[in-house]
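What follows is a short report on a single structure.
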């Protein structure tokens, strides 16, 4: 992964405007910009159920898209929140898969954020026993896990 000085500077300026002067490391590839931040108070940056973190990621993605004239998804990792959440989602996917297989019926996983649905989709994408599908619109969008 490469590191962009321009993006690094813009992210630093953005955080400074918010009063966040934590150290971070920025790396990017063709599709994403990954920011890993150290913080003494990760809860302030993560927010309730990751809502603040999601908002910061979107705003940073828009700022950097305007600067670079191309949109890349921004992933902000603070206090291992995403890593822990990803592990939880993998366990949820496995438990749901087992239930779908044993009950031979479709099971819905509501209240997942778009990136969380994507994680479950990706985790189960190569599975020979189940398929996943996002259904619904907007905030009502949910993930269905079905027997194959």
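The values are calculated or read from the model by the stated rules, or taken from the named source; none is laboratory data. Everything numeric in this text was worked out from a predicted model, so none of it was measured. Positions of Cβ are backbone-derived with ideal geometry, glycine not excepted, and every protein chain shown enters the neighbour counts.
Assorted remarks:
- Selection status of residue 26, touching a helix residue (DSSP H, G or I) at 6+ places or on another chain (Cβ under 6 Å), assigned by TED's automatic domain parsing to the domain that holds residue 129, without any contact (Cβ under 8 Å) to a residue 40 or more places away in the chain and not in a loop (DSSP other than H, G, I, E, B): no
- Counted residues, the stretch 111-130 - those being within 30 Å of residue 74 (Cβ to Cβ), over 16 Å from the mean Cα position of the chain (by Cα) and loosely packed, with under 12 Cβ neighbours inside 10 Å: 2
- Criterion (outside any loop (DSSP other than H, G, I, E, B), closer than 24 Å to residue 11 by Cα and either in the same structural domain as residue 17 (by TED's automatic domain parsing) or more than 13 Å from the chain's Cα centre (by Cα) (or both)) met by exactly one of 102, 75, 39: 75
- Qualifying residue in the stretch 62-71 (condition: in contact (Cβ under 8 Å) with a residue 12 or more places away in the chain and either under 15 Å from residue 116 (Cβ atoms) or under 16 Å from the mean Cα position of the chain (by Cα) (or both)): no
- Among the conditions (1) closer than 19 Å to residue 17 by Cβ; (2) in contact with a strand residue (DSSP E or B) (Cβ under 6 Å, 6 or more places away or on another chain), residue 73 misses just one, which is (1).
- Test for residue 118: is it touching a helix residue (DSSP H, G or I) at 6+ places or on another chain (Cβ under 9 Å), within 30 Å of residue 9 (Cα to Cα) and at pLDDT below 95: no
- Number of the condition not met by residue 31 [criteria: (1) closer than 27 Å to residue 130 by Cβ; (2) at pLDDT 95 or above; (3) under 18 Å from the mean Cα position of the chain (by Cα)]: (2)
- Across the stretch 91-110, the number of residues qualifying as closer than 19 Å to residue 81 by Cβ and surrounded by 15 or more Cβ atoms within 10 Å (Cβ to Cβ) comes to 2.
- Answer residue from the stretch 131-145, given it is in contact (Cβ under 8 Å) with a residue 24 or more places away in the chain and either assigned by TED's automatic domain parsing to the domain that holds residue 75 or under 15 Å from residue 89 (Cα atoms) (or both) and is surrounded by the fewest Cβ atoms within 10 Å (Cβ to Cβ) among those: 142
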